[in-house]
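One structure is given below, encoded as structure tokens.
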């Protein structure tokens, strides 16, 4: 905490006043973009954890899209990752490509998977931004709720005061009537 | 006179009534008039009709004519929440129960045989009709909460009937004064004392229960009506945001699912001494209820020199914290987080609040004081 409370002669109302002031200061400064992103990531955590995703996947998801999303182009289907052998294999597959095309047409699949890869990146971007925006709205809603509570308290206090004043008028004792002799 | 009475009924106005009766029995002959009900939801007849003696007090039980139908009660509650007639309110009270015309008839028939009739809990059928049957000997202990029920029109004239009112708190008195002109009526803010232990054994409690580390304590029924759902949400969010290692220990009957989380420990029912030892071991007591007319566990925490973190939307709890300087309070999550952070971080503050609480308890809620206030009030009515 940034403020200290003197324990001698503790005054709870003063402490609560200090607490409210601190909350107010925080709200006035509101949150920086970095703080909002941090809070938003916590919200995202809750969503991801709730579905018990593989933690490595979550880590990759956070790090770089290239590490979890696939990239797809025309040659992806024919490539191999086995170094020199792979390159030879890739060459052989390209040579056989015209023959393969006699049996089936891979172009629609290549096109669909490329598009899916782009969509994945787009969705991830959208989800992150949505979480940030939702967090902003949530903070704003919280602030509005707090304001509403404060206002409600004032209204209740005023109406109580009004009723008490009205009753003071109604129940005020009438002065005793004096007799004709003034006794 | 009270709606339920039994040694197995813990907490609430019924327990309040029982310990007051047992303490007043040291100064006068005391009898209890009540129903055969044990369950406050259904009012089902559970105890046998007739007289039994409990802790030296004769208890006369009368049957409940009709159990509460929750669906119908909810319908009538909705009805009286909107525009409605006086007859609707009478019907609502009948549905609220416990519907025991035999008990009301007994008060009307034999009420003159008592010097005083002390009625507990204004909102029940038995209290409303019983008090109206013998208002000239009646003292009311309303145990009213700020839940809106007191605003029903039938209660405004009702509060003017008894000869005196025993209030649980200043806030309760102010609340009823808003709806009924009871300013000049004899009465006093009394509350209730506690059955205090010979001593506290916090280390023994930790060993017996295998509880290490610091914890916040909740004592009472684990219920949505007591604000426990909000407490769980606030507490888990607090831990997540602050990285606190504080635990939340729950003692009481759960009627609400408790989140499965390592930081929330549930002990269920415990013996009275175990409860006191838990109070001695905790960092602070949390009291999340919004509707209290007097929180006995809050007073007990103060006796144990422990600070309290209370729901500030409950005027009674907020007022008690302010008057005693023994606890902090919150109206929303931000205040919960800041207040709890402060309590968790500042041992000197916790000690000072706890000491203030103890002084407040000693000045207002020892049995000597409570008994004296009752006796003085009853004596002034003679």
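In the stretch B:302-339, what residues are facing chain A (nearest Cβ under 8 Å) and touching a residue at least 60 places away in the same chain (Cβ under 8 Å)? Answer for the stretch B:302-339, where residues must be facing chain A (nearest Cβ under 8 Å) and touching a residue at least 60 places away in the same chain (Cβ under 8 Å): just B:333. When residue B:206 is tested against the conditions (1) within 29 Å of residue B:78 (Cα to Cα); (2) part of a helix (DSSP H, G or I), the lone failure is (1). The residues in the stretch B:63-89 that are touching a residue at least 60 places away in the same chain (Cβ under 8 Å) and surrounded by 15 or more Cβ atoms within 10 Å (Cβ to Cβ) can be counted, and the count is 2. Looking at the structure I just gave you, is residue B:104 in the same structural domain as residue B:132 (by TED's automatic domain parsing), modelled with pLDDT under 95 and either under 25 Å from the mean Cα position of the chain (by Cα) or not in a loop (DSSP other than H, G, I, E, B) (or both)? Answer is no for this residue. Can you say whether residue B:27 is assigned to a helix (DSSP H, G or I) and in contact (Cβ under 8 Å) with a residue 40 or more places away in the chain, as far as the supplied structure shows? So residue B:27 does not fit the description; no. For the stretch B:225-244, residues that are within 16 Å of residue B:12 (Cα to Cα) and surrounded by fewer than 17 Cβ atoms within 10 Å (Cβ to Cβ) total 1. Any chance the stretch B:269-278 includes a residue that's crowded, with 21+ Cβ neighbours inside 10 Å, at pLDDT 95 or above, closer than 21 Å to residue B:147 by Cα and touching a strand residue (DSSP E or B) at 6+ places or on another chain (Cβ under 8 Å)? No, the conditions are met nowhere in the stretch B:269-278.
Of all residues in the stretch A:135-166, exactly one satisfies the criterion of being touching a helix residue (DSSP H, G or I) at 6+ places or on another chain (Cβ under 7 Å), farther than 30 Å from residue B:174 by Cα and either facing chain B (nearest Cβ under 10 Å) or exposed (fewer than 13 other Cβ atoms within 10 Å of the Cβ) (or both), namely A:143. Got at least one residue in the stretch B:247-263 being surrounded by 15 or more Cβ atoms within 10 Å (Cβ to Cβ) and in a helix (DSSP H, G or I)? The answer is no, given that none of the residues of the stretch B:247-263 is surrounded by 15 or more Cβ atoms within 10 Å (Cβ to Cβ) and in a helix (DSSP H, G or I). Return yes when residue A:17 is over 28 Å from residue B:331 (Cα atoms) and either at pLDDT 85 or above or within 14 Å of another protein chain (Cβ to nearest Cβ) (or both) and no when it is not. No; evaluated as a whole, the condition is false for this residue. Does residue B:354 fit the bill of being within 11 Å of chain A (Cβ to nearest Cβ), modelled with pLDDT of 95 or more, surrounded by 20 or more Cβ atoms within 10 Å (Cβ to Cβ) and within 25 Å of residue A:152 (Cα to Cα)? Taking the combined requirement at face value, the residue does not satisfy it. Note on the stretch B:283-373: enclosed helices (runs of 4 or more DSSP H) holding 1 or more residues that are under 21 Å from the mean Cα position of the chain (by Cα) and not assigned by TED's automatic domain parsing to the domain that holds residue B:27 are B:296-303, B:315-324, B:347-364. Selection of the stretch B:8-24 for residues being part of a loop (DSSP other than H, G, I, E, B) and out of contact with any helix residue (DSSP H, G or I) (no Cβ under 8 Å at 6 or more places or on another chain) yields B:8, B:10. Is it the case, given these coordinates, that residue A:144 is within 30 Å of residue B:313 (Cβ to Cβ), assigned to a helix (DSSP H, G or I) and at pLDDT 85 or above? In short, yes.
The values are calculated or read from the model by the stated rules, or taken from the named source; none is laboratory data. What you see is a predicted model, and the numbers here were worked out from it, not measured in a lab. Ideal geometry is used to build each Cβ from the backbone, glycine not excepted, and the neighbour counts take in all protein chains shown.
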